[in-house]
1. How many residues, within the range 74-86, are more than 21 Å from V187 (Cα to Cα) and surrounded by fewer than 22 Cβ atoms within 10 Å (Cβ to Cβ)?
2. Which residue is most open to solvent (accessible area, probe 1.4 Å), if the candidates are limited to the range 116-136 and must be touching a Gly at 6+ places or on another chain (Cβ under 8 Å) and among the polar types (S, T, N, Q)?
3. Please work out if V35 is under 22 Å from K122 (Cβ atoms) and touching a strand residue (DSSP E or B) at 6+ places or on another chain (Cβ under 7 Å).
4. Looking at the range 37-66, which of its residues are among the small types (G, A, S) and either open to solvent by 60 Å² or more (accessible area, probe 1.4 Å) or not in a loop (DSSP other than H, G, I, E, B) (or both)?
5. Taking the residues in the range 159-182 that are outside any loop (DSSP other than H, G, I, E, B) and at pLDDT 90 or above as candidates, determine which candidate is least open to solvent (accessible area, probe 1.4 Å).
6. Looking at this structure, is G73 within 19 Å of L5 (Cα to Cα), part of a loop (DSSP other than H, G, I, E, B) and at pLDDT 95 or above?
7. Is it the case that the range 16-36 has a residue that's in a strand (DSSP E or B), at pLDDT below 95 and of a type outside the set (A, V, I, L, M, F, W, C)?
8. Identify the single condition in (1) closer than 25 Å to A192 by Cβ; (2) part of a loop (DSSP other than H, G, I, E, B); (3) out of contact with any Lys or Arg (no Cβ under 6 Å at 6 or more places or on another chain); (4) open to solvent by 60 Å² or more (accessible area, probe 1.4 Å) that R113 does not satisfy, given that it satisfies every other one.
Amino acid sequence: MRFDLQGRGHDIRIAPSAGVTGQIKARDDAGPCSVHIGEGVKGKWNITVSGGARVVIGRSTTCETTQIVAQNGDVLIGEDCMFSFAVEIRTTDTHAIYDVDGGGRVNPDQPIRIGDHVWLGKQAIVLKGADVGSGSVVGARGVVSGVIPPLSVCVGVPARVVRSNAIWTRRVGKGRLEHDEKAMRVVQAVQATAPHSTRSIRSA
């Protein structure tokens, strides 16, 4: 892992058992930033953090290649997630867009939360304000900018739920759900907190 840190006070923590490559860039334009990478995290991560933002990657989360841009908004990623190739996670559009009449910005930076055991398919994009519930799947090239309920499969641009009450497994197409302890723990946790959750996608 390479580091490009400008300013002082940044809090960069990589767990000893993490096997990560890529780069972490941090800027202190609005105060120190933090990046915490948990135990057992694997993959190539290119992380840019500024504006005092935080990036947290939960234990046992893996990726092929993921780019995270956290500017003035935190990116919180849960445990045991699986991200494919060329995934992008961005709390910002980088460049501001203003209303001509009122003069106010219409695309403010917003935080992102990704729950436990979430699968992001190849070239999926998670945009500012997104909240992806635990156990969910975002299909290849899907674009998420709102709320995806837990235990959902979503696809498309913008992403929409095509199947509810579903969960994925790292095992390749064999066995039954009850034989996958990790997946079952996620299902049980979701059901315990929101047994009748039927939230629909809302715009960010």
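The values are calculated or read from the model by the stated rules, or taken from the named source; none is laboratory data. Remember, predicted model here, so these are calculated numbers, not experimental data. For neighbour counting, all protein chains shown are included, and Cβ atoms are generated from backbone atoms with ideal geometry for every residue, glycine included. Just so you know, the surface numbers come from the protein's heavy atoms only, side chains and all, with ligands and any DNA or RNA stripped out. Shrake-Rupley method; radii C 1.70, N 1.55, O 1.52, S 1.80 Å.
1. The total comes to 4.
2. Looking at residues that are touching a Gly at 6+ places or on another chain (Cβ under 8 Å) and among the polar types (S, T, N, Q), I get S134.
3. Judged against the criteria, V35 is not a match.
4. G43, S50
5. Step by step, filter the range 159-182, then rank; the result is V161.
6. So G73 passes the test.
7. yes
8. With respect to (1) closer than 25 Å to A192 by Cβ; (2) part of a loop (DSSP other than H, G, I, E, B); (3) out of contact with any Lys or Arg (no Cβ under 6 Å at 6 or more places or on another chain); (4) open to solvent by 60 Å² or more (accessible area, probe 1.4 Å), R113 is out only on (2).
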